[in-house]
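See below for the structure under consideration.
Read-outs: derived from the displayed coordinates by stated rules, not from any lab. Remember, it's a predicted structure, so these values are computed and weren't measured experimentally. Cβ coordinates were reconstructed from backbone atoms using ideal geometry, including for glycine residues, and neighbour counts include every protein chain displayed.
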Amino acid sequence: DPTQTSPETSDALRCLRRVFGYDAFRGEQEEIIDHVVGGGDALVLMPTGGGKSLCYQIPALVRPGVGIVVSPLIALMQDQVDALRALGVRAGFLNSTQDMDERRLVEAEFLAGELDLLYLAPERLRVDATLRLLDRGKISLFAIDEAHCVAQWGHDFRPDYLALSTLHERWPDVPRIALTATATDATRTEIAARLNLREARHFVASFDRPNIQYRIAPKNDPRKQLLELVRTEHAGEAGVVYCLSRKGVEDTAAFLAQHGVEALPYHAGLDAGTRAANQARFLREDGVVMVATIAFGMGIDKPDVRFVAHLDLPKSVEGYYQETGRAGRDGLPSTAWLAYGLQDVVQQRKMIDGSEGDEAHRRRLAAHLESMLALCETVDCRRVRLLDYFGQPSTACGNCDTCLTPPTTWDGTVAAQKFLSAVFRLARERRQKFGAGQIIDILMGKKTAKVIQHDHDALTVFGIGTDLSVAEWRGVVRQLLAQGLLAVEGDYGTLVLTETSGDVLGSRRQVLLRREPEKPARAAKARSE
Ligand code: ADP
Ligand code: ZN
């Protein structure tokens, strides 16, 4: 009934059909678009693949003037603009990859009113010339993509984004829409404050991805574990494997290829041609496994990625959510599998200690790591914990590893006391610090060369831990680290006590630990035929 639809809505719907070729809006798209077309500010939280782009592209086409899109993803701008141009949308971009002539051309198009959308790198808005340029044209809206980058509390802070707070002062009548795929309540509040979005309407889509099975396994022999996962559950299917380092990427891709898996590497150290070719094969062919650093994935729209595997611990829950979110965009059952071990904690602590930036910055990084560790060590439903992190209450999913094979907890107070007192004795009696391996050897009463060399078999704690296996001890150490009862220091992963260790040693605090289930969860149970 045409009398019931507002003229803006029908313009928007017509635009969706004619320009983009889709029949209907998804989720809250229509409401968001309506609101922005009507001149309102908006803050949009929508998971990856939710369809954020249309939320600003359509209002930019419907409203008079040029829509300015601020995005940090410079490498994707060319593709985004090409894709829009192929649809007949007049789009252009300005960033540091262009030479003077290219920039002049885009500026001229903007001033002549020949653009519908102009993509800008955030640092452009720190340049006065850009602001003056924008003054001379007509702007329909500002879209601030990846808006979490403005939040210092977030996981991906970019100082250039702070300049965006001035948009509102300079152009008070132009509506602004900020979009992000990940933000906790704290980050969302910070985004609203920093971007002057006090009046903005918040649109928060559900972050639940029920078709993704979340699994976090103790890391033993990660490449073999990965191969097992691919062979038994995802043979011939497309997947993404994330590694922290370029070398990790190369080695893992080679390992998988050697064992008959169609695997390709992707990282910033490869030349542009190889990267483009590998990406194209991943997108076009069936069943290619892309082994990559987190440089890969942003803006990649492949619906049938059946699994995302992490061989190294992500730096934050936000990162984990974003990366795993690339699995199963088509809604079919998919796996998010992470292998995590003691060495991950050691390595990340080292990176935090050595990171640039002030103490507050390091504290934020440490807080992100702690949240990630808490997710790894939880005995509750992974999905509940994940959604809870983003402020969305839910109930046990029945599909993640902890739901399928619930881990039990055990009173690890005595084990913790043994381990902590070994650390304490080494420090006090010997003025020595060691990593987990040596301390476990001592507790297990192993007369290794290194134990004998340091005379560690003379310690009173020597051999007092034979009631647990080495794997169990490693679990104890991981969880003491996750609970802040133990800390890693320096380049060699040496262990030191924390302020709270004393509470355990003095029996003022009980330590509950997670016992790994005997048989880890398999997807077979959860997959529909
Ligand atoms: P996001 O930016 O939230 O990750 P995109 O804007 O890239 O998501 O959209 C993801 C995919 O969904 C794209 O291929 C897009 O064309 C498609 N899409 C978005 N909205 C609709 C819709 N209303 N109908 C059909 N497909 C849509
Ligand atoms: Zn669950």
At a threshold of 8 angstrom on Cα-Cα distance, excluding pairs fewer than six apart, so keeping six or more, what relative contact order does the chain reach in percent?
12
Cα centroid separation, segment 254-281 to segment 391-445 (Å):
37
By how many degrees, between 0 and 90 and to the nearest 10, does the Cα long axis of helix 359-377 differ from the longest principal axis of the chain?
70
Against the longest alpha carbon principal axis of the chain, how many degrees, from 0 to 90 and to the nearest 10, is the axis of helix 413-430 turned?
80
Formal net charge of residues neighbouring Gly51 (Cβ-Cβ distance under 12 Å; K, R +1; D, E -1):
0
Highest average packing first - 240-253, 198-211, Cβ atoms within 10 Å:
240-253, 198-211
Taking the alpha-carbon centre of each part, the distance from segment 87-151 to segment 27-68 in Å is 18
If each part is reduced to its alpha-carbon centroid, segment 224-238 and segment 291-366 end up apart, in Å, by 19
Compute the helix-to-body angle for 470-482: its Cα long axis versus the longest principal axis of the chain, expressed 0 to 90° and rounded to tens.
50
Under the helix-only model (-39500 (n - 2.57) for each DSSP H run of 4 or more, divided by the residues of the chain), the mean residue ellipticity at 222 nm, to 500 deg cm²/dmol, is -12000 deg cm²/dmol
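Might you report the magnitude of the Cβ-based charge dipole of the chain about its Cα centre, with Lys and Arg at +1 and Asp and Glu at -1, to the nearest 20 debye?
Working: 65 positive and 71 negative charges, 269 e Å.
That gives a dipole near 1300 debye.
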In segment 100-227, if the dipole is taken from +1 on Lys/Arg beta carbons and -1 on Asp/Glu beta carbons about the Cα centre, which of Ala121, Ala217, Ser165 is farthest to the positive end?
Ala217
Pop a pseudo-label 7 angstrom from the Cα along the beta-carbon direction at both Asn220 and Glu250 and give the gap in nm to one decimal.
3.0
Arrange the peptides 300-309, 130-139 so that the one whose residues have, on average, the most other Cβ atoms within 10 Å appears first.
300-309, 130-139
Of the listed peptides 106-113, 262-269, 472-479, what is their order by residue-averaged count of other C-beta atoms within 10 Å, with the highest listed first?
472-479, 262-269, 106-113
Pairs Lys315/Lys447; Lys315/Lys446; Lys350/Lys447: which are spaced more than 31 Å apart, C-alpha to C-alpha?
Lys315/Lys447; Lys315/Lys446
What would the Debye formula give as log10 I(q)/I(0) at q = 0.21, 0.23, 0.24 Å⁻¹ for the alpha-carbon point model of segment 284-396, no solvent?
-1.27, -1.39, -1.44
Picking from Tyr320, Thr274, Gly502, whose Cα lies most toward the positive end of the charge dipole for the chain (charges on Cβ: Lys, Arg +1; Asp, Glu -1)?
Gly502
What residue among His456, Gly484, Met444 has its Cα farthest toward the positive end of the dipole of segment 441-484, where the charges are +1 on Lys, Arg and -1 on Asp, Glu, each on the Cβ?
Gly484
For Lys138 and Tyr22, extending 7 Å from Cα along the Cα-Cβ vector and measuring point to point gives, in nm, a value of 2.7
